[in-house]
Structures are given as C-alpha cells and as structure tokens.
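Accompanying notes for the structure given below.
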Amino acid sequence: MIDIMSYTEEECVAYAVAKGESGYRGKQLFGWFRKGITSFDEMKNIPRGLCDIIKNECLLAGCAAVKTQISSDGTRKYLFRLHDGEMIESVFMKYIHGNTVCVSTQAGCRMGCVFCASTINGLKRNLYPSEMLSQITEIQKDTGERVSNVVLMGMGEPLDNYENVIKFLRLLNCEKGLNIGYRHVSLSTCGLTDKMERLADEGLPVTLSVSLHAPNGNARKQLMPIANKYGYDELLKTCVEYEKKTKRRVSFEYALISGVNDRQTDAHELGKRLKGTLCHVNLIPLNQTERKVYKSSEKSHIETFTNILESYKITVTVRRSLGGDISAACGQLKAETADG
C-alpha cells in the first residue's frame, strides 16, 4: 500500500498525472492531506474515479486518540492508535512562547535507556511522516489551538528513523502545510553520531538536543546501552563539529537521577568536559515510573548541580516539570494501558 499522506506536493501532482488527472488535482490532494483528514471520503472536490483508485491502493496512515489525560497545569497526554493497531504517545504543553507538541517517531524504542518507559517492550516499527504529522493535526483539532513548536522527544529515537523524520520535518515546514519554522523544532537523539553528521548536512536549522545523562563514558554505558557503540569522546567531538557546520548551539539533555549522576563530583566532571563549547545544558528532574527503580534528585541537589555547571560558564536551565499527575513521561501511559 502507498503511504500517500506522506507525499510532497510534487509527488501528489506526479501521482495524479500518472492516473490521468491534471496536476491541479494533485495540488488539491496535497491540500487535503495537510488538513489531517481521517477518511479519503472527506475529499469532496476530488473526482470519484480518482478517489476510488486512492482508496484501493493507498494507506490512510493517521492516528486516532484512544485515551487522553489532562493535567491540572493544562498539559494533555494522548495515547494514539495507528492503522495497524500499534500504540504511540504524544504530549501537548502550553508555554508562554506558544503551544508545543512532543511527537513520537517510532512505536516503541530499541535504544534501551534504563530510565525510560518507552523501551520496555522494545521497538515495534518506525512511523511514517504522515503518522508524525497526524499527531499534531489531531491535537490541534482536539484542543482547538494552533501548535507553534514541535519537539521530537516522544517515543523512539528520531535518528533511528532517519529518512522518515527528515521528510516529516520538510512537510512540517511547508508553507501549504502546518508551516512551522525549523527554528521552532527540537530534535532529540541518544547520540547516533553517524546520523548526526548526516543531519548537519541537511540544511535544516532545527535545534539538536543530545541525551547525555552522564558525565563520562563509563557512567553513560550503565544508563544508555547505545553508548557502547558510540563513545563519549566521539559524541562530544561530533557535537562540536555539528555546531561549527550549522552555527547552531547543541543542547544537552541531562536527567538527574538520585545517587547515580547528580553528585557534585558529577557536576564538576561534566563542567570540565563541556567548558568552552557552544552548548546549553537542560537539567531534567526525572519522571518516575513504577517499572523503573530510579528516583528523581532532590531540589537542593538540582540547585547545587546547576550552580556548579554555571561556575564553568555553561548556560543551564532546569526543565519545568509538566504533567506529573498524568504520567506524561515517554512511554508511561502506553505501559500503564498495556498493564490494564
């Protein structure tokens, strides 16, 4: 089956022409697909013959909400079902600078980070560009509000689904689509250095967020199995090269885990590693889940860690915790639903 919902306007035009229709019909198709339709029958101005062809040979790869949780702070957590029954999650967050959606890029994840609920059942499959876009359009329809910022930090490793993610980003930015600027997009990665190098050459000025979570290689290997393939020094070197090539600052994500990576010695070691680089460290109070034994750092430890990093002239922020009362961390809602 053809994933026509992931087609660019040029591909839609070529498809229509190949079916004996005018290029104009292809542009109409593209417009319908970007609206986030849930049935091909919604395309009322498309000739019945062409619509029937599309139904017969094309896949409607969107998503449908099966469960929604709403936090007291306005955060919404969605459990979506895909066309084949797989489940993914998305989160809608309200900030002063605009509404943000955290998008999943895979059904499950194979990276195996020990503190993340997304990895519990491994990787099921990659998502199509259309399925990533559908998360945003469905949330916009549900909330009645425009999404202005997108973070690829939901279920899955974006760079492990490289081709589909790149196409999703280009469709996301399209003026005739959601028209969300690249500078309003943040892509999170566990540190697949070869894919990071490819991303630097794409000419997409998105913010790159690297999940670091440890002050050295040995500690990182204990938390993130992917660190056994991509070394710590190699990762930091790739980040420096990415910054030079793109002129874009890299953001390091660091989940603070009590007694594991939140000690003062850890902060000093990390500060020495990153000192002098064009980077930003985003400290994340760990979202706890019943399936994981790790606990979040105490507030005093977070403050001390922040102060130590700042003493090395490193820009630091502490992520505002949203949706703590609705299991908003990646993979939590899906895992809880599966248990039920």
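The values are calculated or read from the model by the stated rules, or taken from the named source; none is laboratory data. Since this is a predicted model, take the numbers as computed values, not measurements. Using ideal geometry, Cβ is built from the backbone for each residue, glycine included, and neighbour counts are taken over all protein chains shown.
Points worth noting:
- Screening 119, 189 for residues that are within 24 Å of residue 294 (Cα to Cα) and under 13 Å from the mean Cα position of the chain (by Cα) leaves exactly one candidate, 189.
- Checked against (1) in contact (Cβ under 8 Å) with a residue 40 or more places away in the chain; (2) touching an Asp or Glu at 6+ places or on another chain (Cβ under 7 Å), residue 254 meets all criteria but (2).
- Hits in region 274-288 (condition: touching a helix residue (DSSP H, G or I) at 6+ places or on another chain (Cβ under 8 Å), assigned to a strand (DSSP E or B) and of a type outside the set (Val, Ile, Thr)): 279, 283, 285
- Region 85-101 - residue that is in contact (Cβ under 8 Å) with a residue 24 or more places away in the chain and charged (D, E, K, R) and, of those, farthest from residue 132 (Cα to Cα): 86
- Single residue of region 67-83 satisfying the filter (on the phi < 0 side of the Ramachandran plot and of a type in the set (Gly, Ala, Ser)) that is surrounded by the most Cβ atoms within 10 Å (Cβ to Cβ): 71
- Test for residue 132: is it assigned to a loop (DSSP other than H, G, I, E, B) and either more than 20 Å from residue 70 (Cα to Cα) or at pLDDT 95 or above (or both): no
- Region 305-331, residues that are in a helix (DSSP H, G or I) and either surrounded by 16 or more Cβ atoms within 10 Å (Cβ to Cβ) or at pLDDT below 85 (or both): 305, 306, 308, 309, 324, 325, 326
- Output for region 191-244, where each listed residue is part of a loop (DSSP other than H, G, I, E, B), closer than 17 Å to residue 166 by Cα and hydrophobic (A, V, I, L, M, F, W, C): 192, 204, 206
- Among the residues of region 261-273, just one is in a loop (DSSP other than H, G, I, E, B) and more than 10 Å from residue 213 (Cα to Cα), namely 263.
- Residue list for region 135-188, restricted to those being touching a residue at least 12 places away in the same chain (Cβ under 8 Å), acidic (Asp, Glu) and surrounded by fewer than 22 Cβ atoms within 10 Å (Cβ to Cβ): 138, 142, 145, 160
- Residue in region 58-73 that is in the same structural domain as residue 167 (by TED's automatic domain parsing) and charged (D, E, K, R) present: yes
- Matching residues, region 244-268, being surrounded by fewer than 17 Cβ atoms within 10 Å (Cβ to Cβ) and within 15 Å of residue 316 (Cβ to Cβ): 249, 264, 268
- Among the residues of region 1-27, those identified as over 23 Å from residue 63 (Cβ atoms) and free of Cβ contacts under 8 Å to residues at least 24 places away in the same chain are 10, 13, 14, 17, 18, 20, 22, 23, 24, 26, 27.
- Region 89-100: number of residues that are of a type in the set (Val, Ile, Thr), modelled with pLDDT of 95 or more and surrounded by fewer than 24 Cβ atoms within 10 Å (Cβ to Cβ): 1
- Residue in region 182-192 that is farther than 26 Å from residue 92 by Cβ and at pLDDT 95 or above present: yes
- Qualifying residue in region 113-128 (condition: in contact with a Lys or Arg (Cβ under 8 Å, 6 or more places away or on another chain), buried (at least 19 other Cβ atoms within 10 Å of the Cβ) and farther than 25 Å from residue 225 by Cβ): no
- Scanning region 208-227 for residues that are of a type in the set (D, E, K, R) and surrounded by fewer than 23 Cβ atoms within 10 Å (Cβ to Cβ) returns a single hit, 221.
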